[in-house]
């Protein structure tokens with residue numbers, strides 16, 4: 001695959017939380033559906049497994065989308081949030097439709113092909129938001145898909161390997177994206193602390209690290225802190 005120009009790549013990361021914070025907040029019908037999803041797992045109770053709800057599009061929602069892109073020599077990052085998930089998704093579609101919707105544009109995420117990209121599409125369907133062309137994969141040949149995935153690049157064909165962005169950054173001697181938060185804390189920060197700004201900051205640090213990891217994996221010089229502009 002011929003690598004795209006770095007200026008044609010939109011780096012993105014999403015943060016998700018369960019639609020209902022705790023298992024006991026679910027309706028009886030929702031509890032039944034969740035329980036059936038885990039009926040095969042005899043080692044844990046469905047209530048315990050609800051901590052995983054944030055990664056399933058049927059039980060969770062997007063609360064923040066982080067975007068990063070090169071503008072001349074600077075790397076600009078911005079976050080998208082909204083009063084509702086639909087507002088957030090509509091704003092995301094507006095941004096990419098205006099600025100990242102040409103044939104030469106690519107989208108890049110860590111584990112994006114298995115999580116970020118399909119999750120975005122599923123939640124767009126739930127919220128009656130039209131899926132942009134760049135996220136629609138139906139009928140496309142593999143080489144026509146304009147999605148890049150840093151975890152896929154790191155796998156080198158090994159489909160069993162899962163490596164977090166944090167671990168990969170550490171392995172490549174890049175600054176860690178994590179500080180006082182990690183992914184397991186997003187729901188608590190959202191529902192208990194009600195601190196969306198903290199989630200935005202966490203998300204944008206991931207976007208910067210994502211770009212650096214992509215650059216290292218493709219033999220390019222990673223961006224410096226002084227070249228990052230927070231919009």
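Going by average Cβ neighbours within 10 Å, how do the peptides 90-100, 198-208 rank, with the highest at the top?
Descending mean neighbour count gives 198-208, 90-100.
Would any residue of segment 8-44 have its amide N under 13 Å from a label point 7 Å out along Cα→Cβ of residue 55? List them or say none.
Correct set: 16.
When DSSP beta bridges are limited to those with both residues in segment 10-221, what percentage is antiparallel, rounded to the nearest 5? List each step's numbers first, then the result.
Details: 15 of 20 bridges.
Close to 75 percent.
Which of rounded, prolate or oblate describes segment 107-231 when judged by the alpha-carbon gyration tensor and an a/c cut-off of 1.5? Before the final figure, lay out the partial values.
On the way: a/c = 1.68, a/b = 1.07, b/c = 1.56.
Oblate, since a/c reaches 1.5 and b/c is not below a/b.
What number do you get for segment 134-203 when its Cα radius of gyration is normalised by 2.2 N^0.38 Å, N = residues?
Taking N as the residue count of segment 134-203, the ratio is 1.48.
With the crude spin-label approximation of a point 7 Å out along Cα→Cβ, what separation in nm comes out for residue 39 versus residue 171?
3.8
Could you rank the peptides 110-117, 54-61, 154-161, 6-13 by their average count of other C-beta atoms within 10 Å per residue, with the highest value first?
6-13, 110-117, 54-61, 154-161
Can you compute the modelled spin-label distance between residue 78 and residue 125, with each label point 7 Å from Cα toward Cβ, in nm?
Between residue 78 and residue 125, the simple spin-label model gives 2.9 nm.
What number in nm² do you get for segment 1-126 if you take the convex hull of its Cα atoms and divide its surface by four?
The Cα convex hull of segment 1-126, projected and averaged over all directions, gives 9.9 nm².
Which one, 72, 190, 50, has the greatest fluctuation when you compute a Gaussian network model over the chain with C-alpha springs under 10 angstrom?
Of 72, 190, 50, the Gaussian network model singles out 72 as fluctuating most.
Which residue, 142, 132, 46, tops the fluctuation ranking in a GNM of the chain built on C-alpha contacts under 10 Å?
142
Nearest 10 degrees, 0 to 90: what angle lies between the long axis of helix 28-37 and the longest principal axis of the chain (Cα atoms)?
Approximately 60 degrees, to the nearest 10.
Hey, any idea what the orientation-averaged projected area of the convex hull of segment 165-231's Cα atoms comes to, in nm²?
4.9
At 7 Å along the Cα-to-beta-carbon direction for both residue 8 and residue 28, put a label point, then send me their distance in nm to one decimal.
5.7
Rg to Rh for segment 81-172: what is it, with Cα atoms only and Rh by Kirkwood?
Rg/Rh for segment 81-172 comes to 1.00.
Tell me what the chain gives for mean residue ellipticity at 222 nm when only DSSP H runs of n ≥ 4 count, each as -39,500 (n - 2.57), the sum divided by the residue total, rounded to 500 deg cm²/dmol. Mind dumping the intermediate values first?
On the way: 7 runs with 75 residues, N = 231.
Mean residue ellipticity, 222 nm, calculated: -9500 deg cm²/dmol.
Fewest Cβ neighbours within 10 Å first, please rank 181, 124 accordingly.
Listed from fewest to most nearby Cβ atoms, that is 181, 124.
Report the full-extension gain for the segment residue 133 to residue 94: residue separation times 0.36 nm, less the Cα-Cα distance, to one decimal in nm.
Values: separation 39, 0.36 × 39 = 14.04 nm, distance 1.22 nm.
Extra length from residue 133 to residue 94 when fully extended: 12.8 nm.
Identify which of 65, 196, 14 has the largest mean-square fluctuation in a Gaussian network model of the chain, with springs joining Cα atoms closer than 10 Å.
Evaluated over the chain, the most mobile residue of the options is 196.
I need the P(r) histogram for the chain: all alpha carbon pairs, bin width 10 Å from 0 out to the longest distance, whole percents.
7, 31, 36, 20, 5, 0
Bear in mind these aren't lab numbers, they're just calculated from the coordinates by the rules spelled out. All of these numbers come straight from a predicted model, not from anything done at the bench. Ideal geometry is used to build each Cβ from the backbone, glycine not excepted, and the neighbour counts take in all protein chains shown.
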